[in-house]
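A short write-up of the structure that comes next.
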Amino acid sequence: MSGDVSALDLFGTNERVAERRILTAGPLSAILEDGNLRTIRFAGVEVVRAINYLARDASWGTYKPELSNIRISEGLAAFDVGYDGLCAGPQGRFSYRMTITGKASGELTMEAQGIALTDFSTNRTGFVVLHPSEAAGGRLTITHSDGRIEETVFPEMISPNQPAFDIAALTHEPAPGMVCTVAMEGDAFEMEDQRNWTDASFKTYVRPLSKPRPYVISKGSNDIQRVVVSIEAKASVVRVQPTDTATLTLGRSAGHMPSMALFLDPDDLPAAIAGASLLGPAQEVIVRFDSARRHDKRSLRKAAGLAASIGARLAIEAIVDAVDPAAEAKIVVDAIRSSGVEPSAILISPRREFKTRASNLVPAGERPVGDLVNAFNAAGITASVGAGTPSLFTEFNRNPPTGDADFVFFGNAAIVHAADDLSVMETLTVYPSVIATARHLCPGKPIWLGPCTIGMRHNPYGQGVAANPAPSRVPGAGDDPRHGALFGAAFAVGVAAQAAAAGVDRLILAAPTGRFGLLNAAGERRPLQAVHAELAAASGAERCEVASDRSGIAAVAYHTGDGTRILVANLTPEDIEISVPQALQSAGVIEPSAKVATLRSKRLILDRYRTIMLTASATGRNSTSLVDSL
């Protein structure tokens, strides 16, 4: 492959990727990025995913600090970093002096000495420590502020609420024979399971959520915080080194590929109808119906016409108040009947789901979603009825649907807390835990997964999604430029690979048009459209297990009458050599235009964030290893 695509083609933005520097002191290493540390390793083993010092505004927006007076020194036995940081915006100004030291002995310290230059309104200002999501189920020792010791484990199923409070130190075993202790000073810390938002980490943060927020750091007030990581290796740790090439191995047939659905807001119907000929196939179009927004039978008819034009069925996402189930169901069912539309499914979305709330809480005066399911069934609707949330898995996990729905649904967004490229791709590793937790909460129910997007469709935690006029990599934004670029196509392959392996029933990755569209504002196909078309064509096909011996490769394979097709994506910022199937008949790479360019060479260097399609003939279908090492 050629690496001649631009940053705009890859990311949808010319914003420079944050500069990274690897700091080392003997067996201790860490990546310095934007003044914070990530991927902290000892003897090659990741012990802490990241330590960030951050400030969040009153709507949970994250300040991008201005760094100055940066100094870095490294030696064989130690490294030392210092800089000044300034967080400034409409809600105030806060500065801090950061000192970072790392020693070959396995001790790492970060200390921040902050001062408010004005009254500074914030929901959180201070250190955040991330432990890898791979720690799930492992032993954890908590030292509380009074010195009390608690022996527990990192949650296996995703915890909807904080699994640990009043934390002074955390001790875990990143590998057999290795012990890592993280001590935190400056205020009370507590932990949340960030997998709840598909972040690949357990987050320990300063200032308990039980305290009032936003709060104000008064002008002139000092705030000093410190994090100390201590690592002890009691035995030699053996680490498997990554291979230079990625070899794909096909296994047995396992289930079927999910059906593909597009989500649609009626406001976007004109653009969607205009671009219908470029969308490609789908099995379902899910249109939002909200009588409070004056959606009516005409909206349903137009949406049904769009769906029919791409060979899809129409499903209806009904936004309801959940106060009078019978009356609210009647409004929706009457509109369906008067429109003449026969929907394939009704997705019940209580309006309360648009804002976060405490676990297992139905607001006063409202009814459980199970009552709504019963009301729609009693109204004589013949379509399948699903229950869930228009928000993120977070809200589904906190308040799982009750009642006898035919299926359940929820979505995910990749930039709720962090928007750098690595963090976005890391969210894909959490999907198996998300789906397993959903099955645990709602056993036996088919799952409609999505929308699964990079940006946020709406913000349950603030007034709205973050503005992103540049556009750039902004946490909490609705409009993320990578969605429309090659990065977004690779991300979609990653979601599809996890969803297919987990056996979800429907997968929703995009809208027809708009900020989450298969088409851009000019009505042109985005790279994601090519991925979506391939997945939609594979709906219901026999899925084939596929694995890679190198991390950072996503692949999904399925059988056709002619053989086997495989979608492969590079989720990393590095080019990776990939072996190709011995029975390869043709291969193509998705281009920025969404066209698939033919590849003729059997030696593939899969460029960063690129996606290829491989086709193996039927003669190689039953081969255990379809890919030869070159």
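Given the criteria outside the structural domain of ILE454 (by TED's automatic domain parsing), in a loop (DSSP other than H, G, I, E, B) and either in contact (Cβ under 8 Å) with a residue 12 or more places away in the chain or not hydroxyl-bearing (Ser, Thr, Tyr) (or both), does GLU156 qualify?
yes
Does THR39 satisfy being farther than 27 Å from ILE605 by Cα, among the β-branched types (Val, Ile, Thr) and in a strand (DSSP E or B)?
In short, no.
Only one of these is surrounded by 22 or more Cβ atoms within 10 Å (Cβ to Cβ), β-branched (Val, Ile, Thr) and farther than 26 Å from MET456 by Cα: ILE149, ILE167. Name it.
Within the list ILE149, ILE167, the selection yields ILE167.
For region 249-270, give me each residue that is crowded, with 20+ Cβ neighbours inside 10 Å and of a type in the set (A, V, I, L, M).
Those that are crowded, with 20+ Cβ neighbours inside 10 Å and of a type in the set (A, V, I, L, M): LEU250, MET257, MET260, ALA261, LEU262, LEU264.
Give the residue that is farthest from ALA18 (Cα to Cα), with candidates limited to residues of region 474-516 that are of a type in the set (Phe, Trp, Tyr) and part of a helix (DSSP H, G or I).
PHE491
Consider ILE22 carefully, then state whether it is over 30 Å from PRO527 (Cα atoms) and touching a residue at least 40 places away in the same chain (Cβ under 8 Å).
Here the answer is no, as ILE22 does not meet what is asked.
Any chance you could count how many residues in region 254-291 are touching a residue at least 40 places away in the same chain (Cβ under 8 Å), part of a helix (DSSP H, G or I) and either within 15 Å of LEU535 (Cα to Cα) or over 25 Å from the mean Cα position of the chain (by Cα) (or both)?
Counting residues in region 254-291 that are touching a residue at least 40 places away in the same chain (Cβ under 8 Å), part of a helix (DSSP H, G or I) and either within 15 Å of LEU535 (Cα to Cα) or over 25 Å from the mean Cα position of the chain (by Cα) (or both) gives 7.
So which residues in region 376-429 are among the β-branched types (Val, Ile, Thr), touching a residue at least 60 places away in the same chain (Cβ under 8 Å) and touching a strand residue (DSSP E or B) at 6+ places or on another chain (Cβ under 8 Å), if there are any at all?
Across region 376-429, the qualifying residues are ILE415, VAL416, THR427.
Going by the structure shown, is VAL5 in contact (Cβ under 8 Å) with a residue 12 or more places away in the chain, assigned to a loop (DSSP other than H, G, I, E, B) and surrounded by 15 or more Cβ atoms within 10 Å (Cβ to Cβ)?
So VAL5 passes the test.
Checking GLU353 against (1) acidic (Asp, Glu); (2) under 21 Å from GLY380 (Cα atoms); (3) in a helix (DSSP H, G or I), which test does it fail?
The one condition GLU353 does not meet is (2).
Determine the pairs where a residue that is farther than 24 Å from ILE605 by Cβ, located within region 553-569, has a partner that is not hydrophobic (A, V, I, L, M, F, W, C) and not in a strand (DSSP E or B) with Cβ atoms under 6 Å apart, the partner being 6 or more residues away or on another chain.
GLY563/ARG621
Kindly provide the set of residues from region 376-419 that are buried (at least 22 other Cβ atoms within 10 Å of the Cβ) and among the basic types (Lys, Arg), ordered by number.
Result: no residue meets the conditions.
Report the residue count in region 99-131 for those that are farther than 16 Å from TYR205 by Cβ and not small (Gly, Ala, Ser).
14
Just checking, how many residues over region 297-322 are at negative phi and crowded, with 21+ Cβ neighbours inside 10 Å?
14
Tell me the residue from PRO443, PRO432 that is assigned to a helix (DSSP H, G or I) and either surrounded by fewer than 18 Cβ atoms within 10 Å (Cβ to Cβ) or touching a His at 6+ places or on another chain (Cβ under 6 Å) (or both), please.
So the residue among PRO443, PRO432 that is assigned to a helix (DSSP H, G or I) and either surrounded by fewer than 18 Cβ atoms within 10 Å (Cβ to Cβ) or touching a His at 6+ places or on another chain (Cβ under 6 Å) (or both) is PRO432.
Can you list residue pairs whose Cβ atoms sit under 7 Å apart, with the first residue in region 329-353 being of a type in the set (S, T, N, Q) and the second being assigned to a helix (DSSP H, G or I) and at pLDDT 95 or above? Count only pairs 6 or more apart in sequence or on different chains.
From residues that are of a type in the set (S, T, N, Q), the pairs are SER338/LYS297; SER339/LYS297; SER339/LEU300; SER339/ARG301.
Scanning for something out of contact with any Phe, Trp or Tyr (no Cβ under 8 Å at 6 or more places or on another chain) and buried (at least 20 other Cβ atoms within 10 Å of the Cβ), does region 85-93 turn up at least one residue?
Within region 85-93, none of the residues are out of contact with any Phe, Trp or Tyr (no Cβ under 8 Å at 6 or more places or on another chain) and buried (at least 20 other Cβ atoms within 10 Å of the Cβ).
So, in region 512-529, exactly how many residues are in contact with a helix residue (DSSP H, G or I) (Cβ under 9 Å, 6 or more places away or on another chain), surrounded by fewer than 24 Cβ atoms within 10 Å (Cβ to Cβ) and either assigned by TED's automatic domain parsing to the domain that holds LEU614 or not charged (D, E, K, R) (or both)?
Count: 4.
The values are calculated or read from the model by the stated rules, or taken from the named source; none is laboratory data. These numbers were taken from a predicted model, which means no experiment stands behind them. Backbone-built Cβ (ideal geometry, glycine too); neighbour counts: all protein chains shown.
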